[in-house]
1. Only counting other Cβ atoms within 10 Å, I'd like A:167, A:19 sorted with the fewest neighbours first.
2. State, to one decimal in nm and shortest first, how far the label point of residue A:252 sits from each corresponding label point in the other identical copies (label point: 7 angstrom along Cα-to-Cβ).
3. Report the net charge of residues surrounding residue B:103, where surrounding means a beta-carbon distance below 13 angstrom and charges are Lys +1, Arg +1, Asp -1, Glu -1.
4. In chain B, what residue has the beta-carbon at the shortest distance from the axis of the rotation relating B to A, and what is that distance in angstrom, rounded to the whole number?
5. Return the average number of partner chain Cβ atoms within 10 angstrom of each residue Cβ along peptide A:208-221.
6. Once you order the gyration tensor axes a ≥ b ≥ c over the Cα atoms, which shape class does chain B get: rounded for a/c under 1.5, otherwise prolate or oblate by comparing a/b with b/c?
7. So the label point sits 7 Å from Cα along the Cα-to-Cβ vector; using that for residue B:182, what distances do you get to the other copies, in nanometres, sorted shortest first?
8. Placing a label point 7 Å from Cα toward Cβ, how far apart in nm is residue A:161 from its equivalents in the other copies, listed shortest first to one decimal?
Protein chains: 2
Amino acid sequence: MLHNPVPRPHLSLALRLLLHNLIQSIKMATVIDGKAVAQSIRSEIATEVRALSEKYGKVPGLAVVIVGNRKDSQSYVGMKRKACAELGIKSFDIDLPEQVSEADLIKEVHQLNVNPDVHGILVQLPLPKHINEEKILTEISLEKDVDGFHPLNIGKLAMKGRDPLFLPCTPKACLELLSRSGVSIRGKNAVVVGRSNIVGLPASLLLLKADATVTIVHSRTSQPESIIREADIVIAAAGQPAMIKGSWIKPGAAVIDVGTNAVDDPTRKSGYRLVGDVDFEEASKVAGWITPVPGGVGPMTVTMLLKNTLEGAKRVIEKNN
Amino acid sequence: MLHNPVPRPHLSLALRLLLHNLIQSIKMATVIDGKAVAQSIRSEIATEVRALSEKYGKVPGLAVVIVGNRKDSQSYVGMKRKACAELGIKSFDIDLPEQVSEADLIKEVHQLNVNPDVHGILVQLPLPKHINEEKILTEISLEKDVDGFHPLNIGKLAMKGRDPLFLPCTPKACLELLSRSGVSIRGKNAVVVGRSNIVGLPASLLLLKADATVTIVHSRTSQPESIIREADIVIAAAGQPAMIKGSWIKPGAAVIDVGTNAVDDPTRKSGYRLVGDVDFEEASKVAGWITPVPGGVGPMTVTMLLKNTLEGAKRVIEKNN
């Protein structure tokens with residue numbers, strides 16, 4: 001028997017497949033499917049919206065304000081309004097001409113502030129040059145600041161023992177992707193690359209509140225690679241295409257790539273393709289988890305806006321009823 | 001001559017002394033004398049106060065509110081009021097009984113808010129248990145929040161492109177000690193140990209604004225020593241006596257010790273002595289700069305409160321005249 005074994009081609013094939021998958025799973029990162037996570041959160045939101053509507057006869061309302069005709073802004077606003085419609089959230093569409101005065105825009109914001117059917121107000125940025133963005137954003141009522149950019153919100157996000165009314169959407173998306181992928185944060189070394197008011201800074205404050213040891217790396221950092229190499233969690237939000245190489249990643253780390261950079265690609269019809277701040281091909285061979293670009297953080301950000309709107313609406317509707 | 005040299009004992013002594021000093025200066029950190037720095041800032045403040053008084057006939061006013069009879073609080077308040085008197089700042093002394101109601105305390109704060117001679121309001125903490133500290137602190141007018149603890153102030157401190165009206169006193173003291181010692185911050189690795197709302201968190205935000213690469217280490221950090229060992233600048237504010245050992249310090253680093261811990265010492269009349277969060281004896285042999293405890297950050301904190309009061313007064317007086 002030993003010298004003349006019966007060939008078992010099926011078992012050997014299965015074994016080889018098993019081995020192959022095992023090696024692959026050891027070598028390759030789990031790619032976090034942002035689209036799928038977003039979809040499942042959206043269906044959770046839709047369920048809650050229906051419940052609100054049945055119990056109180058009211059639905060969450062989101063006002064999306066756009067000034068002028070920028071193509072990219074119109075596309076973002078279109079996505080937001082469409083997503084509202086899909087989930088049963090009432091969308092208030094405020095489309096203002098490029099030439100609208102700052103005073104008139106403020107008047108619009110004030111009207112939305114007092115409109116009881118509006119629970120969230122989003123002013124699409126950038127605004128035309130003649131309008132002071134910071135001024136407009138601070139006019140939005142704190143209770144409706146679903147973008148979470150008000151300095152009072154950021155202050156409460158930073159402080160121990162205080163909680164902001166809304167978490168900024170992209171940082172919230174990053175943490176949601178980590179938690180839904182089973183990545184724990186407490187006690188881990190987290191490195192945030194970039195320190196923008198919209199992503200890097202609030203993401204680092206959120207990670208700190210979740211008990212990570214947080215380092216913020218930025219354009220003035222002398223040796224980013226040696227710092228990133230120690231990170232169990234990397235949030236990349238620098239806006240630099242593929243700046244983070246595979247060799248900078250600690251084996252097994254969780255890598256959340258917020259970067260969305262257009263780079264020339266003559267093989268595409270559009271002439272460009274989107275890449276993240278992380279070299280995905282290299283990093284996915286080292287990391288434990290990684291988000292792709294596109295299809296990672298992107299689809300989650302609008303979803304978090306909708307979730308913030310739902311939360312704002314619940315606070316008001318459940319308090320008044 | 002070569003075989004029978006004339007002895008030159010004086011030169012040799014001088015040389016030996018020179019060598020000794022050289023070795024000492026290589027081996028030992030520069031001890032930052034917080035008392036001396038505070039004294040020189042206080043004389044700068046006094047000069048500015050005189051200038052304001054001569055030009056506008058007005059002086060800065062600081063209201064120091066104390067509730068109850070806690071010995072430590074009374075000693076802190078006494079120091080603050082005495083310092084005001086020394087620099088020509090008018091001190092408004094509000095001493096309220098332990099049993100004062102929250103409503104009455106808020107009434108006092110509101111009166112100080114509208115008093116045009118008061119430019120800064122400090123409510124000494126802790127307050128008695130029946131009073132909500134957070135509520136009281138948010139009642140202080142932002143323009144008079146010389147402690148800089150209002151969440152809106154912290155939010156502006158965190159955000160790029162925004163500036164708070166007042167920087168919290170202790171973090172401001174730390175950065176002032178660094179800059180007056182000639183330690184540059186931009187591009188350096190800075191590690192803040194501790195993340196309190198009063199010191200650690202705002203200190204890390206200030207260092208980030210000054211372009212350091214900032215890591216925040218705290219009680220949940222798994223290997224603080226390996227992180228601290230990479231730091232060009234350490235701000236220790238953990239409240240753990242001598243937790244940071246000499247071997248944790250990178251040679252040549254600047255070490256600012258905010259810790260003020262009382263430890264038993266039977267050789268002292270008082271029965272205790274104050275020690276910092278850093279093992280001073282060990283660390284001073286490794287660091288490039290180090291603050292002692294006491295005599296480092298301590299004397300600077302009250303000075304920064306006076307500086308904030310001056311700045312608040314200048315904003316109001318120069319605007320209205």
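Readers should treat all values here as calculations from the given coordinates under stated rules, not as data from a laboratory. Predicted model only: the values in this text are computed from it and were never measured. Cβ atoms come from the backbone with ideal geometry, glycine included; neighbour counts cover every protein chain shown.
1. A:19, A:167
2. Copy-to-copy label distances at residue A:252, shortest first: 3.4 nm.
3. Net local charge, residue B:103 excluded: -2.
4. Residue with the nearest Cβ, plus whole-Å distance, for chain B: B:155, 2.
5. The per-residue average across the peptide is 6.
6. prolate
7. Once sorted, the set of distances for residue B:182 reads 5.7 nm.
8. 3.3
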